[in-house]
Amino acid sequence: MLSAESPGEHTSPPQPSPRETPSPMVVEVESDTTASLSRTVAINASLTCITGIGNLLAGLLTVCIPVISKDLGIPPDLQLWPASAFALACGCLLLPCGAVADVLGCRRSCLLGGLLQTASALGAGLAATSTQLIALRVTGGLAASFCLPGAIGAAGHVFPANTSPRRRSIAFAAMGGGQAVGFGLGLVLGGVFSDTIGWRWGFYATAILNAAVLALAVWALPPTIDGILDKASFSYLIHDIDWVGALLISACLALLSYELAVATASNANQNMREPMNIVLICIAIALLPVFALWMRRQSRLSRPTLIPNALWTNLPFTSMCITVFLVWGTLNASEQLAALYFEDVLGKTTLTASLYFLPAPICGLLMNIAIGAFLPHLRPSLAVPAACLLSGIAPLLLATLCRLDGPDYWRGLFQAMALNPIGADLMYTIAILVMTAAFPVRTQALAGGVFNMLSQIGKSVGIATSALIARQITSQAGKSDNMENLLLGYKAGWWYNCSLGFLSVIVSFWGLRSVQKVEVKRD
């Protein structure tokens, strides 16, 4: 339960509109014993695995893409497209899929997403051309668009904030840990399979795991989460969802994601000057104020509004959105540059490079276990900036210590890999609690869609801008195939990521300064 309380005086929060709630300032966690332990474990396991498998595939693709490119004949200009296609589809479809999940049912959304995820993983393993692989990664992005908000909405319904807040926060922490472990496991499996029986078996193994998790979810997730589908449900789907707003923001994000992918290609300088790309960028930028004006119109006319503009006056909510965007961009861009440094500069094998990343998922898992245990004692106004600071130190270590001949793994690289995910792992649970509290109970999946949209777009923007900076510095230094010039570019990218990390410290400290610690409320 969330209530507003200033440090020196008590101030009543403004009365919310039907689509708004007061600013979350104090999180009170009540004790509960309403659900059996075995069912709680099964629910958390199924939701954690369904949301984590998408990250497992992302990690798998990260280390396998050089081998995949050779086998499928993917040209250099398209090598980033399998990953970019997933981010594009997922980022622009999360909000409409979240809105649909709130109407048709979060359990149904999870199961549908899990089925699509299984099919896309199996298909990726069978892909014979680059076009097939990219199309299947788009399907994977669609699957994640159903899984991610559906899982958050399902957890919100199974563990309501007023009766099971502690189990609710543990469920969110478990999903955060699952995403960290999933990405790390994908890196390791990718390195093992690509150096042994082949990269395709990484996708086959993931499809088998996904099918098993889907079977568990069918049994574990109670059907009562979803309402009965009748004419009223479909009428609500058609008339009571802001489809125009969903179309506007989805088109904007799709165009921006596409242009970011184009900007990271090797011939970006030429492509970005083409009239079509200039027009698309202008349209994407213009859609942002159009979306805001549409939200204002819908709110003024008391019509369904996707994300009411008044929600951005909620300071903790807004600061969390900005911090999620910055932290996820820093995390993924730093890891991407580190992978390139390990393989291109240090000359490590794919398997060795993937093992170098093991501290990240291990620390992520430990962090989320700690969050689940100590959440009632955390003070977000201090914990979130501190975690962001530690994550900002990771690219700082890489930028200052990395050389052509090292450093030794245990004298900088290990520490950087361990610190890098801490901010994102802590943010996952607290940010979801803040965002779901800012939305009504009936739109919890949409709240999950907002969070995951910000993390996906932050990831795309972080990787694209870091790649642009690294390539620009490398080209200015001389030949792009010179290891020293490559390292200069990577260091520039890490310095940029470090600045984003430290900026997230300022934003989170400013926005959460009045948020009190999470308190346990016992009946």
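Please treat every number below as a calculation from the coordinates, not as lab data. What you see is a predicted model; the values in this text were computed from it and never measured. Backbone-built Cβ (ideal geometry, glycine too); neighbour counts: all protein chains shown.
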Review point. Which pairs do you get when a residue that is in contact (Cβ under 8 Å) with a residue 24 or more places away in the chain, found in segment 202-216, comes within reach of a residue that is of a type in the set (Phe, Trp, Tyr) and surrounded by 17 or more Cβ atoms within 10 Å (Cβ to Cβ), reach meaning Cβ atoms under 6 angstrom, with the pair 6+ apart or on two chains?
Key: GLY202/PHE193
Review point. Among the numbered criteria (1) surrounded by 24 or more Cβ atoms within 10 Å (Cβ to Cβ); (2) under 14 Å from the mean Cα position of the chain (by Cα), which single criterion is violated by VAL181?
Key: (1)
Practice item. Could you figure out which of (1) of a type outside the set (Phe, Trp, Tyr); (2) within 19 Å of TRP494 (Cα to Cα); (3) surrounded by 18 or more Cβ atoms within 10 Å (Cβ to Cβ); (4) more than 21 Å from the chain's Cα centre (by Cα) isn't true of LEU378? Key: (2)
Point to revise | Check on LEU111, without any contact (Cβ under 8 Å) to a residue 40 or more places away in the chain and either farther than 26 Å from ALA360 by Cα or acidic (Asp, Glu) (or both) | key: no
Review point. Is it the case that some residue within segment 190-210 is more than 22 Å from GLY364 (Cβ to Cβ), assigned to a helix (DSSP H, G or I) and within 23 Å of the chain's Cα centre (by Cα)?
Key: yes
Revision key, fill the gap. Flagged in segment 106-144 as surrounded by 20 or more Cβ atoms within 10 Å (Cβ to Cβ), in a helix (DSSP H, G or I) and among the small types (Gly, Ala, Ser), in numbering order, are SER109, GLY113, GLY114, SER120, ALA121, ALA124, GLY140, GLY141, ALA143, ALA144
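Could you identify the single residue in ALA333, ALA360, ALA386 that is out of contact with any Gly (no Cβ under 6 Å at 6 or more places or on another chain), in a helix (DSSP H, G or I) and either among the acidic types (Asp, Glu) or more than 30 Å from ASP242 (Cβ to Cβ) (or both)?
Working: ALA333 fails: out of contact with any Gly (no Cβ under 6 Å at 6 or more places or on another chain); ALA360 fails: out of contact with any Gly (no Cβ under 6 Å at 6 or more places or on another chain).
Going through ALA333, ALA360, ALA386 in turn, the sole match is ALA386.
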**Study point:** Hey, GLY245 under 26 Å from the mean Cα position of the chain (by Cα), farther than 25 Å from VAL103 by Cβ and either exposed (fewer than 15 other Cβ atoms within 10 Å of the Cβ) or not charged (D, E, K, R) (or both) or not
**Key:** no
Exercise for review: State all residues of segment 190-221 that are surrounded by fewer than 14 Cβ atoms within 10 Å (Cβ to Cβ) and of a type outside the set (A, V, I, L, M); if no residue qualifies, say none.
Suggested key: THR196, TRP219
Check your understanding: Could you say whether any residue in segment 328-348 is farther than 24 Å from THR474 by Cβ and crowded, with 22+ Cβ neighbours inside 10 Å?
Key -> yes
Check your understanding: Do we find a residue being over 22 Å from the mean Cα position of the chain (by Cα), surrounded by fewer than 16 Cβ atoms within 10 Å (Cβ to Cβ) and part of a helix (DSSP H, G or I) anywhere in segment 248-269?
Key -> yes
Revision key, fill the gap. Selection over segment 236-247 where residues are more than 18 Å from CYS106 (Cα to Cα) and in a helix (DSSP H, G or I) yields a count of 6
Check your understanding: Just one of the numbered conditions (1) out of contact with any Pro (no Cβ under 7 Å at 6 or more places or on another chain); (2) of a type outside the set (D, E, K, R); (3) in contact (Cβ under 8 Å) with a residue 12 or more places away in the chain; (4) assigned to a helix (DSSP H, G or I) is not true of CYS282; which one?
Key -> (3)
